[in-house]
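Trainee: Let me begin by handing over the structure; questions about it come next.
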Amino acid sequence: MNLKALLTATIVATATLTSSAAVRPHSKTIVVESPENLPILAQNDPEAMYLHDTSDGRTLLYVEVENGGSLNTLDVTDPANIQRIARTTIPANTAFDFVEPIGEQAVLIRYRDGSGVALLSFKHYKQPILVAAPTIDEDAVSEPLGQTGLLLTSSQRAYRPVSQPLNARNYKVVDTANPVQPALLAMISDVQQRLTKSDTGTLFLLNRDGITVVRRLRVEQDHQVELDAQMGN
């Protein structure tokens, strides 16, 4: 093949590839929306996002932008009709990650620079509020206790008393019914063992002082209703 023929073949092949790339494939079952074809999805250097279901049946998508300084709120209840709801400035120290929901109206966040944790309250979903969380240790591992509670487990301390077992942990029980003012219910230190009664949601925490029992009344009530139904009462 001479040089002229080679150049011609290359031009034709390039034109064919460009034409193919411009044609978007279609599917009868899947739709892909991108910032290029749906401008409402375009964000300026987003950091993270979080889905929140409201009490009135909406699903909102919060998008963290401006290094944690703002949240964009999108209503994604109907994926075919996504709407922009609000943009809220929040006094975050720096960029953060969404860790886990706290009850039905808040989420725990953790700053990426290691400076600590905080709560984002969605009580007024159009204007999320950033709340300091002094009851929550920045290095604690958190897990929900139903919809209105939080169990915090501290990480292993580098320097521990000789009397403290190697696998001991410190626990905090926090009431998050009011996410703007979470309440510390109990602190249990140097827990050596933890057991769970799954049907009633009861926790048993053992340390040198004895046994601490953490009860979840709603789970107990639901379990009793189930037992009564089984017995025909």
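Trainee: Among the listed residues Leu184, Leu151, which satisfies the condition of being outside any loop (DSSP other than H, G, I, E, B) and either modelled with pLDDT under 85 or open to solvent by 60 Å² or more (accessible area, probe 1.4 Å) (or both)? Give the derivation first.
Mentor: On the way: Leu151 fails: either modelled with pLDDT under 85 or open to solvent by 60 Å² or more (accessible area, probe 1.4 Å) (or both).
On inspection, the qualifying residue turns out to be Leu184.
Trainee: Here is a follow-up. Considering only residues that are surrounded by 15 or more Cβ atoms within 10 Å (Cβ to Cβ), within 17 Å of the chain's Cα centre (by Cα) and outside any strand (DSSP E or B), which ones fall in the range 116-136?
Mentor: Gly116, Phe122, Tyr125, Pro128, Ala133, Ile136
Trainee: A further question on this structure: What pairs come up if the first residue lies in the range 76-91 and is farther than 13 Å from Leu41 by Cβ, the second is open to solvent by 100 Å² or more (accessible area, probe 1.4 Å), and their beta carbons are under 8 Å apart, counting only those six or more places apart or on different chains?
Mentor: Once the first residue is farther than 13 Å from Leu41 by Cβ and sits in the range 76-91, its partners that are open to solvent by 100 Å² or more (accessible area, probe 1.4 Å) give Ile85/Lys126; Ala86/Lys126; Ala86/Gln127; Thr88/Lys126; Thr88/Gln127.
The values are calculated or read from the model by the stated rules, or taken from the named source; none is laboratory data. Computed from a predicted model, the values in this text were never measured in an experiment. All Cβ positions, even for glycine, are placed from backbone atoms using ideal geometry, and neighbour counts span all protein chains on display. Ligands, DNA and RNA are stripped out before the accessible areas are found, and what is left, the full protein with its side chains, is counted by its heavy atoms. Shrake-Rupley method; radii C 1.70, N 1.55, O 1.52, S 1.80 Å.
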